[in-house]
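Chemist: Quick one: structure below, then a few questions.
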Amino acid sequence: RRLCILKGIYPHEPKHKKKVNKGSTAPRTFYLLKDIKFLLHEPIVNKFREYKVFVRKLRKAYGKSEWGTVERLKDNKPTYRLDHIVKERYPTFTDALRDLDDALSMCFLFSTFPRTGKCHVQTIQLCRRLAVEFLNYVIASRSLRKVFLSIKGIYYQAEVLGQPITWVTPYAFAHDHPTDVDYRVMATFTEFYTTLLGFVNFRLYQSLNLVYPPKIDGQADVELKPAEGKEYAMDSESYLEKLSALSASLARVVAPTHEDEVEMDEFPVEGETAEQMDARKKEQEALEKHKKLFEGLRFFLNREVPREPLAFVIRCFGGQVSWDKSLCIGATYDASDRSITHHIIDRPRVERQVVGRYYLQPQWVFDSVNAKMCLPVADYFPGVLLPPHLSPFVTEQEGDYIPPEKLKLLAMQRGENPDEESEEEEEEEEGEEEEDDNDKEEEEEEEEDESEKEEEIKLKKMEEQKTQSNKAPPVKVTPGKLRLEDKQRLEQEQQSEEKRLAIMMMKKREKYLYKKIMFGKKRKVREANKLAAKRKAHDSAVREEKKKSKKARRA
Amino acid sequence: SSPLQDIRNTVGNIPMEWYQDFPHIGYNLDGKKIYKPIRSKDELDMFLEKMENPDYWRTVQDKMTGADIKLTDEQVDLVRRLQRGQFGDVHFNPYEPAVDFFSHEVMIHPVTNRPADKRSFIPSLIEKEKVSKLVHAIKMGWIKPRKPRDDTPTYYDLWAHEDPNSILGRHKMHVPAPKMKLPGHEESYNPPPEYLLSEEEKLAWEQQDPAERKLSFVPQRFGCLRAVPAYPRFIHERFERCLDLYLCPRQRKMRVNVDPEDLIPKLPKPRDLQPFPTTLALIYRGHSSLVRCLSISPSGQWLVSGSDDGTVRFWEVCTARCMKTLPVGGVVKSIAWNPNPTICLVAICVEQSVLLVNPCLGDKLLYTATDQLLESYVAPEEERLQPVQWLVPSAEEQSRGIRLVIQHSKAVKQVTWHGKGDYLASVVSDNSNLQVLIHQSSKRWSQNPFRRSRGLVQAVLFHPTRPYFFVATQRCVRVYNLLKQELTKKLMTNCKWVSSMAIHPGGDNIICGSYDSKLAWFDLDLSTRPYQLLRHHKRALRSVAFHRHYPLFASASDDGTVIVCHGMVYNDLLQNPLLVPVKVLKGHAITLDLGVLDVLFHPTQPWVFSSGADGTVRLYT
């Protein structure tokens, strides 16, 4: 089993289940004979046998309490390496990158395990080290693309050498270890994944001309030293911690030259049509802009904010970040620093506000990254009801339900800014309200609705598309038009009848397929309609509430 | 027993059961037998002794001598002590104070007084030799100090020399594991409100089997990031992913990615295949029960319908007027108008008889000629044995139009005319070889064409031009050559139960309707299997019909619809017939689970008649 995991052998579904299974149809797993033979040739089998012998000897020595023998055996513990398996399973680097998703998720999970029980401490430390190294690489290469806060954990998506890599990290809480999970299987997977990730990291660092066992940049190191040198012993562990603080840039083998990058951009463009070139250029520019989203901004994280993910994200997009000195090492500046532009806070209210910086909730950072632009900060002030956090991984297709927030966002990305106007209006209105409240009641309601109108219109449009066929003729008043509608309908009816007749003539298998497809489509539409209806109900309920509260205030 | 008498048993330490069957239990010192003491105590005695003897509880039986011994007080005490787990001796004290032999106090006298060994003064030669060997080995560099183990793995550029040749065949075969599904909006910690589950949905979610759930979690909303808890099933999910990776069979699956519109076959537009009936034109009302059968005169002017209410009605087609009502006194099962335009005669199946009726409609010359034809019958000289009786009805019946009665022995199911109009065939619901009878109306003569029965006959049909006769049984259609008197073909319908049958006027194609809602189109030249099996109807087919001129056929079903299809048969033998459904005609109400019972085309116009279980006959034009 361990071999299967390491070598990536998986069972196959036979073509003739009955033939293979000697006539019975009981569910069994089938491996290819070729695969099993392939496993037998593996040199690591011998290593496993050695290990087994070692365990047996050790147990014997323990039983006889020959401690000297135990020591000796432990010193000569047989080891094996998985390098050749990695190379064999992933003959090219891109193959390895493609399969990195699971490896990363696993490493991040193991790195959060407690240092006791369940699995070896060395494994956990190794996982932590590799994970931090990978994060540092992502920062250095600025390849993070999407972040998503889900209830399960935080999803990240980075684009490394053109391959999208998605991984999920759990929230930083202690796990309650389930009993029905076989940790040995997970450990075997992790063993392989750590090897893979180590080699991938090495290669990635090399591709960026970084020193592989990563070192913090000399300058930054010097800056850091006086601050923390006294408090922490500079052993390897604190070094790792410092690295994991993610605040300092890494040392490069060769000093980075900017001309190099510019040249790189121009090369692939040659030999293409102008149109493609334009599109590509635009994309490139957008990407470049996205990469420098937080360039020049200085963030400060309050202590209740999850430090690591936020620091990682902000650093990935060029921002500078710091935190309370007592929280973790690696803080670069203090809370009272004048140059801080954004203060990330997750409390309902701020005690001492410093002028000249925005106090924001952490969702702003993630939403801005997903929207590829700095969103208006007004919605994210502390204590404000946050707008929904949408998944960046969903790409809506034709006919899917799109939440109105997403529509708004898309409009904003296109450059239209419908929201701001209404917001301004609202603000104005608020200002006016203070001046004179009496004659405003009706207008106010109207204006207030305006911000929601946008959504409603869009919703309506969607509905209209769906209910076009159902639009009843009684809406039309003039007889001439009515006849016209009739004609159209007649034609439609005729067409639908033709279709029905044609469906009758379909072959049985095709008909089955057709029905299945149509059923799937209808279900999708139904689900979308359901969501839209739910949203509408919710919106109307919220509006009612608002009106009521307003009236109560008036009264 | 007492020690004074000294009866000592000399048998030794043996199981006393060995003496169980003897009167004695051993031998005394003198070699005399010791007899067992007489024990005549029964239960009552035992009980009395137990009650009366105050020492009963301390009396035991000596197994060696068989005598009762009364234990003394000391002995009883001993027993009690032993039972309590104490020492037998009363005076033994188990908790004596311990006196340490070796103590921390230095005594003035040595414990042993042995003089010291010599070897404790002289250095050991063996040890010296060993040490010198080690020293020598170290000096020579043979022994090195143990290096501390370094467990941290070293990494290097594994893919430094990527050569495309190293990609083995395995990798081409390899099916990469599908990636994890990316999360949608509903997984967000702060999802849009419409993704949150309502109370009912939550209940439904909880009741579902975990394997069936669409979402593996309940969408939740948290006001701020600080309130989000750890996901309790995170490790589970990773573990399941691991299991999937190494235990799930992988298979490349060809996703059917077709546009459903492409699946619909391209058929010629029905508009191009006109004429065919499209709209309901007339309703013939009058019957009070289900109308089972229809027939039309060869001229197309008159329509006749037979119903369960025991009447036969004659209608004028164009005006929907009931010209005549003929009560026949029984359920009319089948009705057939003589296809010969010169003869005006209708065959009607009523219970056990077939009535030949002259409706006296239309051209007077014509129907009087028919009467004359029937009356011109001259009885043959010698009476021949016939399976049925030909009766001439009474004068009163004659006046109502009934000209002849063919009395069968059993109920008649179906009647059909030959194209020439002289012969008619009737089907009797029977199991014997008398199921199908062929009658000649002019000679008033009947015969039984088959020697033995081959299953329940459902319908019979004459070939329109050639001397063929079609007999449909439950599963298959047999084609007989009447001239050669032999079976020419057997058509397998692939249906469970054939209900009706119709033949193309060209005579090369047959359609069969069945109760399992299929319609089979046979090409007689092609094969004995259906050329096409049409499953247009949702319920059982009751009747099928061909148009005489237009390439149309219709099928009537219990689902209350009549489907008109375009069935073009080409003269070119290489071209297969083209079957296109062109119109679904609805109108009949479903009563008693029956919809349309019979369907019929107008002989000249592209019109279709249908009779339904709701007691109406409808004309679609």
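The values are calculated or read from the model by the stated rules, or taken from the named source; none is laboratory data. Keep in mind it's a predicted model, so treat the numbers as computed, not measured. Backbone-built Cβ (ideal geometry, glycine too); neighbour counts: all protein chains shown.
Chemist: Would you mention how many residues in region B:340-367 are assigned to a helix (DSSP H, G or I) and in contact (Cβ under 8 Å) with a residue 12 or more places away in the chain? Before you say what the answer is, go through the steps one by one.
Modeler: As a first pass, look at region B:340-367 and keep what is assigned to a helix (DSSP H, G or I): B:364-367.
Still in the list and also in contact (Cβ under 8 Å) with a residue 12 or more places away in the chain: B:366-367.
Matching residues across region B:340-367 total 2.
Chemist: Since B:Y570 meets every condition but one in (1) hydroxyl-bearing (S, T, Y); (2) under 33 Å from the mean Cα position of the chain (by Cα); (3) assigned to a loop (DSSP other than H, G, I, E, B), which condition does it not meet?
Modeler: (2) is the only condition that B:Y570 fails.
Chemist: Which residue pairs have Cβ atoms under 8 Å apart, sit 6 or more places apart or on different chains, and have a first residue in region B:111-133 that is assigned to a helix (DSSP H, G or I) and a second that is surrounded by fewer than 10 Cβ atoms within 10 Å (Cβ to Cβ)?
Modeler: From region B:111-133, no pairs qualify.
Chemist: Failed condition for B:P449, given (1) in a loop (DSSP other than H, G, I, E, B); (2) over 16 Å from B:P339 (Cβ atoms); (3) touching a residue at least 40 places away in the same chain (Cβ under 8 Å), with all others met?
Modeler: For B:P449, the failing item is (3).
Chemist: From the list A:L501, A:L513, A:L531, pick out the single residue that is in contact with an Asp or Glu (Cβ under 9 Å, 6 or more places away or on another chain), within 10 Å of chain B (Cβ to nearest Cβ) and assigned to a helix (DSSP H, G or I).
Modeler: A:L531
Chemist: Out of the residues in region A:80-107 meeting the condition of being outside any helix (DSSP H, G or I) and in contact (Cβ under 8 Å) with a residue 24 or more places away in the chain, tell me which one is surrounded by the fewest Cβ atoms within 10 Å (Cβ to Cβ).
Modeler: Filtering region A:80-107 for residues that are outside any helix (DSSP H, G or I) and in contact (Cβ under 8 Å) with a residue 24 or more places away in the chain, the one surrounded by the fewest Cβ atoms within 10 Å (Cβ to Cβ) comes out as A:R81.
Chemist: Can you find a residue that is among the aliphatic types (A, V, I, L, M), out of contact with any Ser or Thr (no Cβ under 8 Å at 6 or more places or on another chain) and either part of a loop (DSSP other than H, G, I, E, B) or assigned by the TED database to the domain that holds A:Q125 (or both) anywhere in region A:148-164?
Modeler: For region A:148-164, residues among the aliphatic types (A, V, I, L, M), out of contact with any Ser or Thr (no Cβ under 8 Å at 6 or more places or on another chain) and either part of a loop (DSSP other than H, G, I, E, B) or assigned by the TED database to the domain that holds A:Q125 (or both): absent.
Chemist: Can you tell me which of (1) of a type in the set (G, A, S); (2) touching a Phe, Trp or Tyr at 6+ places or on another chain (Cβ under 8 Å); (3) over 15 Å from A:F113 (Cβ atoms) is the one A:A140 doesn't meet?
Modeler: Only one criterion in (1) of a type in the set (G, A, S); (2) touching a Phe, Trp or Tyr at 6+ places or on another chain (Cβ under 8 Å); (3) over 15 Å from A:F113 (Cβ atoms) is unmet by A:A140, namely (2).
Chemist: A follow-up question, please. Taking the options A:V525, A:V542, name whichever one is of a type outside the set (K, R) and at the interface with another protein chain (Cβ under 10 Å from one of its Cβ atoms).
Modeler: The conditions single out A:V542.
Chemist: Could you please find all residues in region A:8-20 being at the interface with chain B (Cβ under 10 Å from one of its Cβ atoms) and not in a loop (DSSP other than H, G, I, E, B)?
Modeler: A:H12
Chemist: Moving on. Looking only at region B:590-609, decide whether some residue is in contact (Cβ under 8 Å) with a residue 12 or more places away in the chain, more than 14 Å from chain A (Cβ to nearest Cβ) and of a type in the set (D, E, K, R). Even if it seems obvious, please write down each step before you answer.
Modeler: Filtering region B:590-609 for residues in contact (Cβ under 8 Å) with a residue 12 or more places away in the chain gives B:590-609.
In the following step, the residues that additionally are more than 14 Å from chain A (Cβ to nearest Cβ) were identified as B:590-609.
Next, only the ones that are of a type in the set (D, E, K, R) stay: B:593, B:598.
Looking for residues that are in contact (Cβ under 8 Å) with a residue 12 or more places away in the chain, more than 14 Å from chain A (Cβ to nearest Cβ) and of a type in the set (D, E, K, R), one finds at least one in region B:590-609, hence yes.
Chemist: Mind listing just one residue for me: the one in region B:304-348 that is of a type in the set (S, T, N, Q) and under 24 Å from B:E396 (Cβ atoms) and, of those, surrounded by the most Cβ atoms within 10 Å (Cβ to Cβ)?
Modeler: B:S305
Chemist: Suppose we filter region B:35-75 for residues that are among the small types (G, A, S), free of Cβ contacts under 8 Å to residues at least 60 places away in the same chain and within 15 Å of B:N9 (Cα to Cα); how many remain?
Modeler: Filtering region B:35-75 down to residues among the small types (G, A, S) leaves B:40, B:66-67.
Narrowing further to those that are free of Cβ contacts under 8 Å to residues at least 60 places away in the same chain: B:40, B:66.
Within this subset, residues satisfying the condition of being within 15 Å of B:N9 (Cα to Cα) are B:66.
Looking only at that region, the number is 1.
Chemist: Let me ask you something else. Going by what's in this entry, would B:A177 be described as at the interface with chain A (Cβ under 7 Å from one of its Cβ atoms), modelled with pLDDT of 75 or more and part of a loop (DSSP other than H, G, I, E, B)?
Modeler: Taking the combined requirement at face value, the residue does not satisfy it.
Chemist: Still on this model: From the list B:D117, B:D100, B:D89, B:D77, which one is charged (D, E, K, R) and surrounded by 12 or more Cβ atoms within 10 Å (Cβ to Cβ)?
Modeler: Working: B:D117 fails: surrounded by 12 or more Cβ atoms within 10 Å (Cβ to Cβ); B:D100 fails: surrounded by 12 or more Cβ atoms within 10 Å (Cβ to Cβ); B:D89 fails: surrounded by 12 or more Cβ atoms within 10 Å (Cβ to Cβ).
Sole residue among the options that is charged (D, E, K, R) and surrounded by 12 or more Cβ atoms within 10 Å (Cβ to Cβ): B:D77.
Chemist: Same structure, new question: Take the residues of region A:379-423 that are in a helix (DSSP H, G or I) and modelled with pLDDT under 65: which is nearest to the other protein chains (Cβ to nearest Cβ)?
Modeler: Per the criteria, the residue is A:D419.
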